[in-house]
Amino acid sequence: MKPLSRDVLAGLLFAGAGIGFVIMSRNYNFGAGTRMGPGMFPTLVGSLLALLGAVIALRGLRSDAGTPDRFHLRPFVLVLLAIAVFTILVEPLGLFITTLLTVAVAALADRELSKRAAAVTAVVLAIGSCVVFVTLLGLQLAIWPSFFG
């Protein structure tokens with residue numbers, strides 16, 4: 001029996017994540033088309049993700065997309081660490097500095113990424129995150145640490 005292709009595995013991962021979002025959003029009110037409830041967005045996005053995953057997996061079964069690469073522990077651990085850095089530091093350090101640190105940690109996962117590219121990415125994402133989440137969406141996140149005022 002040949003191993004599953006990359007497309008089949010990716011499709012199953014997407015479908016599983018989508019189903020998980022739909023299941024978790026069942027505890028929230030769905031609302032109506034004219035007045036969305038908090039459960040509508042994750043339910044719709046999860047459903048679309050599950051559908052997309054199923055399509056990718058089925059297409060992967062019909063084609064020869066190649067076997068997956070071997071599992072690399074370093075990128076896996078560093079990306080999880082980057083998520084933890086953001087979760088732990090966003091309140092005390094603010095969104096801007098925390099985003100810079102998160103991208104710096106995540107960039108260590110790719111040995112071929114230049115320091116300049118990582119720095120530019122970090123600054124662009126930090127500025128973009130502040131504009132989108134604080135200014136446009138009005139989320140109550142501090143942009144700077146509290147000691148900056």
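The values are calculated or read from the model by the stated rules, or taken from the named source; none is laboratory data. Because the structure is predicted, anything quoted here is derived from the model rather than measured. Using ideal geometry, Cβ is built from the backbone for each residue, glycine included, and neighbour counts are taken over all protein chains shown. Quick note on the areas: whole protein, heavy atoms, side chains included, nothing else; ligands and nucleic acids left out. Shrake-Rupley method; radii C 1.70, N 1.55, O 1.52, S 1.80 Å.
Values as computed for the structure displayed
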item	result
The range 116-136 residues that are over 17 Å from Val90 (Cα atoms), paired with ones that are surrounded by 12 or more Cβ atoms within 10 Å (Cβ to Cβ) (beta carbon under 6 Å, 6 or more apart)	Ala118/Ala107; Thr121/Val103
Residue in the range 60-67 that is open to solvent by 70 Å² or more (accessible area, probe 1.4 Å) and within 19 Å of the chain's Cα centre (by Cα) present	no
Test set (1) within 27 Å of Gly18 (Cα to Cα); (2) open to solvent by less than 60 Å² (accessible area, probe 1.4 Å); (3) under 20 Å from the mean Cα position of the chain (by Cα) - Leu52 fails condition number	(2)
Count - residues of the range 5-29 that are free of Cβ contacts under 8 Å to residues at least 24 places away in the same chain, within 29 Å of Ala57 (Cα to Cα) and surrounded by 14 or more Cβ atoms within 10 Å (Cβ to Cβ)	1
Residues satisfying the stated conditions in the range 83-127, i.e. under 23 Å from Pro145 (Cα atoms) and among the hydroxyl-bearing types (Ser, Thr, Tyr)	Thr87, Thr98, Thr99, Thr102, Thr121
